[in-house]
Amino acid sequence: MCDTCGCGTPGEAVTYRKHGDKLHHHGDSLLHTHDHNHDHTHIRSIAVEQDILGENSLQAQRNRGYFEAKNIFTVNLVSSPGSGKTTLLEKTLSDLEGVPCAVIEGDQQTMNDADRIAATGVPVLQINTGNGCHLDADMVHTACGELELEDNSLLFIENVGNLICPALFDLGEDKRVVIISVTEGDDKPEKYPTMFDAADICIINKIDLLPHVQFDVQKCRERALQVNHHLKFFEISATSGEGLPAWNTWLRENIKKQH
Amino acid sequence: MHEMSIAMNIVDIACKEAQSEGASTISIIELDVGKLAGVMIDSLKFCYDSVCKNTLAEGSELVINEISGSGHCLDCATEFEIDSFMALCPNCESYKVDINQGRELRLKAVTVN
């Protein structure tokens, strides 16, 4: 049943949970309408001229203002499923010990990623999007309310593993980071250009596996730069730790810049 | 499939506009969609019909004006039409191209009764 008006339309199934929490719901469905009493019969055109994602962009700007006021540097991590986002986060959080951090995890189902992050001792909130294929700015807003973020801190948002849909949804982050692992094809930037176009940073992950796979790092970088010549790169192995110091330094520098 | 969220936003905006005008039905929703907007028009049309059910827009027509892409080269300032993010400058063959047009995703107008 819809939780806005009590009619028969199902409400959204997005849930927000901290590690160990029971399930509770937020969000409402705005789409359906009800009988309407007016009786007008003339056909007319109304000029609307509205950005279709305008509502999301507006909420993203509100989030951005909130992050700025609290001096929180926010990173939105996007990639295909299995690129190693959560492992990278675990390693990064342990390397950044002493820096106040928080994590928002986005997945369709399960608390698995939030449980892994909670084990590092960092505050984390899991958003389960149900059938949703991406996080949106409103979900991040709700999650921030639950997390009680510290001033002068670092917020990581691990988006739903999907190299297409999250590209279109601004969350209010400072930087969008696209991660590609060397077990994927080096032509990913060419195949999924919208995401690479929308990113600021590209992490090439699992570089410890390069001797075993046919992945041409140089070619991948060139293709990514052809899509978006503003991209900055990090080559990392979250497992072996190679390349992590440069990434951690970049994060620390950005926190300092915020001050 | 983000086209579903986009279809929901479209119908939501259109219904609000129609209601504020006191209209009882929507017959046409008109969009501007850029070629680089990251939206698959076929998927959007597919989602649209199911999202319209039980709304003022049920049975309405979706009209999409496709907006072509254009960009300018940062190396030689040439402006040219582009149809992908991997845009090569036809003058100096540089990939340092910034996009001017083609990301539009706009609800232009609704026809109501």
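Would you please calculate the Kirkwood hydrodynamic radius of chain B over all C-alpha pairs and express it in Å, rounded to one decimal? Its Kirkwood hydrodynamic radius stands at 15.4 Å.
Within chain B, which cysteines find no other Cys whose Cβ is under 4.7 angstrom from their own? If one checks each Cβ against the other cysteines of chain B, B:15, B:47, B:52 turn up with nothing under 4.7 Å. What is the mean number of Cβ atoms from other protein chains located within 10 Å of the Cβ atom of each residue in peptide B:100-113, rounded to a whole number? Partner-chain Cβ atoms within 10 Å, mean over residues of B:100-113: 4. Residues of region A:150-178 with an amide N closer than 18 Å to a point placed 7 Å from the Cα of residue A:250 along the Cα-to-Cβ direction: A:154-159, A:173-178. Other protein chain C-beta atoms within 10 Å of residue C-beta, averaged over A:214-220: 0.
Along each principal axis, taking the top coordinate minus the bottom one, the Cα set of region A:131-240 gives 44, 29, 29 Å in descending order.
If I fit a long axis through the Cα atoms of helix A:244-258 and take the longest principal axis of the Cα atoms of chain A, what angle between them do I get, 0 to 90°, rounded to 10? Approximately 50 degrees, to the nearest ten. Under 20 Å from a label point set 7 Å out along the Cα-to-Cβ vector of residue B:65, the amide N atoms of region A:43-81 belong to A:44-54. Summary value for chain A: 21 percent relative contact order, contacts being C-alpha pairs under 8 angstrom separated by 6+ residues. Remark: mean inter-chain Cβ contacts per residue of B:10-22 equal 4, using a 10 Å Cβ-Cβ cutoff to other protein chain atoms.
Each peptide in A:108-121, A:183-196, A:240-253 gets a packing score, the mean of other Cβ atoms within 10 Å over its residues, and the list from highest to lowest is A:183-196, A:108-121, A:240-253.
Take the Cα pairs of region A:54-258, get the Kirkwood Rh, then feed it into Stokes-Einstein at 4 °C and 1.567 mPa s and tell me D in µm²/s. Rounded, D is 76 µm²/s.
By how many degrees, between 0 and 90 and to the nearest 10, does the Cα long axis of helix A:137-147 differ from the longest principal axis of chain A? Long axis of A:137-147 versus the principal axis of chain A: about 70 degrees. Seen from every direction in turn and averaged, the convex hull around the alpha carbons of the protein assembly as shown projects onto 20.1 nm². Legend: calculated FRET efficiency, residue A:42 to residue B:54, from the Cβ-Cβ distance at R0 = 30 Å, rounded to 0.05, equals 0.80. For the residue pairs A:91/A:256; A:85/B:53; A:85/B:35; B:45/B:96, the C-alpha atoms sit more than 32 angstrom apart in A:85/B:53; B:45/B:96. Packing order of peptides A:153-164, B:27-38, highest average first: A:153-164, B:27-38 (average count of other Cβ atoms within 10 Å over each peptide's residues).
Quick note: the coordinates plus some simple rules give every number you see, no bench work behind them. Please read these numbers as outputs of a predicted model, since none were measured by experiment. Using ideal geometry, Cβ is built from the backbone for each residue, glycine included, and neighbour counts are taken over all protein chains shown.
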